[in-house]
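Student: Here it is, the structure, as structure tokens.
The values are calculated or read from the model by the stated rules, or taken from the named source; none is laboratory data. Model, not experiment: these values are computed from the prediction. Cβ placement follows ideal geometry from the backbone for every residue including glycine, while neighbour counts extend to all protein chains displayed. For the accessible areas, the whole protein counts, side chains as well, though only heavy atoms, and no ligand, DNA or RNA atoms are used. Shrake-Rupley method; radii C 1.70, N 1.55, O 1.52, S 1.80 Å.
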Amino acid sequence: MRDTQDINIGWRTEPPPATYHVRADDPASFSTHRITALHHNFHEHPLFQVPELVKLGKELAPLGQCRFMRPGLTVASTIAHDSRHPDGRSIDEHFERMEEPGSSVALYNIEAIPRYQALLFDIVGTMRADVEREQPGIFRVNGFVFISAPPSVTPFHIDRENNFWLQLHGRKILSVWDHADRSIVPAEAVEDFIVTQSLRKVRFSEEFRSRGQEFHARPGDGVYFPSTSPHMTSSDTAWTSPGDRVSISIGVTFYTSVTRRTARVYQVNRVLRKCGLSPAYPGESPAADALKASVGGLVGATRSCLVDMTASARRFKPVTTPPPGSY
């Protein structure tokens, strides 16, 4: 079974027009395995202006893709998004009051709207050659727009995808940590998340701050960070003024042949642990990784079939969907 988005549709045969770009300060040293500061001018793109993003939100709301944070979150909170506004407001009412302090909405999977899907491909396309030097086979490009009026936070968490994070309007602080630093997120917590999407073992401590990188982003600033890099954001009211109280950023995420291979290794490891074994984590044994990756796709396909079966057999506990593109 193949994910319908596991196809490189939408790519231009040539790089996108030079009018808009995302660039690393030193492209020659860019690595998909390192956190890297970026600069871009997509904040000037017509589709990323506030009226157009409001229009986008109203298109996504009937699809259940406008998510609201519950009030009172801190960076140490568990992420909790809901498709219903905490005060019961409609999406129109939310946008009418979007500059109220603490107002926040996330627009999920904006690629569902064709004009934004094309724009996301253009964004990744500007860095495609740099990415595919190390991680060929980009697929499943997704976009998540975060619109908030300070004070606001996005709690500490990890994602499965690689991420081009771009600031579009206002200001925001992004804190991000090395994805390989096991003093921040233990290997078993990463495995739990990759296999089941559980963040139960991903927990923030104030002691982590000195080990991370902090980016004070303005429009035109961006950051690349690899899959499973711990990160969080915050925005305060110091920079706001009447008519300029909204911070907007976008995460343009994508998978590659490398993220697929890693997910397959983690899936096989989970099966081996259930059999009472203690397999090496990805990267600890290249020979073992190669063997696990060769059979990991079958594990994912089996899990996907179980998901389909349990969806129609409600008396069984649902099985978690395997990582996208891993089977």
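Student: Tell me whether the stretch 225-236 contains one or more residues that are in contact (Cβ under 8 Å) with a residue 40 or more places away in the chain, open to solvent by 30 Å² or more (accessible area, probe 1.4 Å) and on the phi < 0 side of the Ramachandran plot.
Tutor: Yes, that holds for at least one residue.
Student: So the check is Cβ under 7 Å with 6+ separation or different chains; which pairs have a first residue in the stretch 29-45 that's touching a residue at least 60 places away in the same chain (Cβ under 8 Å) and over 11 Å from Pro219 (Cβ atoms) and a second one that's open to solvent by 30 Å² or more (accessible area, probe 1.4 Å) and among the hydrophobic types (A, V, I, L, M, F, W, C)?
Tutor: Sorted first by the residue in the stretch 29-45, then by its partner, the pairs are Ala37/Phe215.
Student: For His216, are the conditions met, namely being open to solvent by 40 Å² or more (accessible area, probe 1.4 Å) and either touching a strand residue (DSSP E or B) at 6+ places or on another chain (Cβ under 7 Å) or of a type in the set (A, V, I, L, M, F, W, C) (or both)?
Tutor: Considered against the rule, which asks whether it is open to solvent by 40 Å² or more (accessible area, probe 1.4 Å) and either touching a strand residue (DSSP E or B) at 6+ places or on another chain (Cβ under 7 Å) or of a type in the set (A, V, I, L, M, F, W, C) (or both), His216 comes out as yes.
Student: Still on this model: Restricting the search to the stretch 237-257, which residues are more than 22 Å from Ile79 (Cβ to Cβ), touching a His at 6+ places or on another chain (Cβ under 9 Å) and either hydrophobic (A, V, I, L, M, F, W, C) or crowded, with 18+ Cβ neighbours inside 10 Å (or both)?
Tutor: Listed by number, the list is empty, since nothing qualifies.
Student: Among the residues of the stretch 66-84, write down those that are in contact (Cβ under 8 Å) with a residue 60 or more places away in the chain, open to solvent by 50 Å² or more (accessible area, probe 1.4 Å) and among the small types (Gly, Ala, Ser).
Tutor: Correct list: Ala76 only.
Student: Kindly provide the set of residues from the stretch 166-178 that are under 22 Å from Phe146 (Cβ atoms), surrounded by fewer than 22 Cβ atoms within 10 Å (Cβ to Cβ) and in contact with a helix residue (DSSP H, G or I) (Cβ under 9 Å, 6 or more places away or on another chain), ordered by number.
Tutor: Result: His169, Ser175.
Quick grid of which residues meet (1) open to solvent by less than 40 Å² (accessible area, probe 1.4 Å); (2) part of a helix (DSSP H, G or I):
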site	(1), (2)
Pro86	no, no
Asp92	no, yes
Arg115	no, yes
Ala118	no, yes
Ala129	no, yes
Gly143	yes, no
Phe146	no, no
Thr154	yes, no
Phe164	yes, no
